[in-house]
1. Note down the nm distance, to one decimal, between modelled labels 7 Å out along Cα→Cβ at Glu34 and at Met1.
2. What's the carbon and sulfur percent of the chain's accessible surface, probe 1.4 angstrom, rounded to a whole number?
3. Can you run phi through the Karplus equation (6.51, -1.76, 1.60; θ = phi - 60°) for region 56-72 and list ³J(HN,Hα) in whole Hz, with x for Gly and Pro?
4. Taking the solvent-accessible surface of protein heavy atoms with a 1.4 Å probe, what is the per residue accessible area of region 4-153 in Å²?
5. What list of ³J(HN,Hα) values in whole Hz, one per residue of region 4-20 in order, does the Karplus curve 6.51 cos²θ - 1.76 cosθ + 1.60 (θ = phi - 60°) give from phi, with Gly and Pro shown as x?
6. Taking 0.36 nm per intervening residue step and subtracting the Cα-Cα distance, what contour gain separates Arg214 from Ala151 on full extension?
7. At q = 0.26, 0.29, 0.30 Å⁻¹, what base-10 log of I(q)/I(0) does the Debye formula yield for region 111-168 when every alpha carbon is treated as an equal point scatterer in vacuo?
8. For Lys174, give me every one of the lysines with a C-alpha distance below 24 angstrom, ignoring sequence neighbours fewer than eight places off in its own chain.
Amino acid sequence: MTGALIFDFDGTLVDTEAAVLVAWQETFRERGGELPLDVWHTVIGTQHTAAAMFELLAKDDEHLDKVAIRTGVRARVTELLASEGPRPGVKEYLEDAHELGLRLAIASSSTGDWVATHLNRLGLADAFEAVLTGDLHEAKPSPDLYLAALAALDLPPSEAIAFEDSPHGVTAAKAAGLKCVAVPNPITAVLNFDHADLVLDSLADEPLSALLSR
């Protein structure tokens with residue numbers, strides 16, 4: 001019996017990842033280079049994005065001003081996300097979950113302030129009973145965030161379903177013992193999701209009631 005839904009945040013509830021990628025691509029191009037997408041794919045869903053980007057940039061600039069670059073990237077991401085809403089089907093899933101009495105949580109490798117800022121911007125902060133983030137728990141692909149979410153909800157993994165957009169996220173959810181629905185975004189759609197229990201192009205493709213009846 002499903003009692004809760006646990007969502008990844010970036011790329012799953014909101015397509016923040018496209019904005020982050022664009023901001024880093026622009027940063028590389030300003031310095032006469034290109035960001036290799038194969039490297040980007042290896043860090044999606046983890047806490048290693050900035051470190052990996054700085055490592056690449058430092059190959060051509062040993063005096064890299066990381067603080068200035070990080071500040072510029074964050075400002076550009078904020079600008080790009082100003083009008084970005086939830087991914088298709090998300091609001092319907094949250095509304096249907098509420099109607100069905102299902103509990104809702106977030107398990108995100110991002111920091112708490114990042115997740116809270118965007119939940120508040122979107123008016124979704126009150127929808128989630130628990131929000132677990134990577135500044136307090138080991139990031140994915142470790143299962144720690146999902147284990148912490150289950151503990152916060154006081155539920156066994158058999159009674160919750162995870163929703164993810166990245167292979168690292170699916171790995172984390174499965175390692176915690178959850179069923180996991182992968183909903184790749186345009187950036188992660190080219191990656192391998194064979195370890196997910198189900199793959200949907202969009203939550204809008206299948207109503208929550210139909211998914212729960214599988």
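1. In this crude spin-label approximation the distance works out to 5.5 nm.
2. 52 percent
3. Per-residue couplings from phi come out as 5, 5, 5, 5, 10, 8, 6, 9, 4, 8, 5, 5, 5, 5, 4, 5, x Hz.
4. Ligands and nucleic acids excluded, the figure is 49 Å² per residue.
5. Computed from phi, the couplings for region 4-20 are 7, 10, 10, 9, 5, 9, 5, x, 9, 7, 9, 7, 6, 5, 5, 5, 5 Hz.
6. Values: separation 63, 0.36 × 63 = 22.68 nm, distance 2.56 nm.
Result: 20.1 nm gained on full extension.
7. Log-scaled intensity ratios, in q order: -1.27, -1.31, -1.31.
8. Cα-Cα hits under 24 Å: Lys140.
The values are calculated or read from the model by the stated rules, or taken from the named source; none is laboratory data. Since we're looking at a predicted model, the values are computed, not measured. Cβ sites come from the backbone with ideal geometry, for glycine too, and all protein chains shown count toward neighbours. Please note that ligands, DNA and RNA were not included when accessible areas were found on the heavy atoms of the full protein model with its side chains. Shrake-Rupley method; radii C 1.70, N 1.55, O 1.52, S 1.80 Å.
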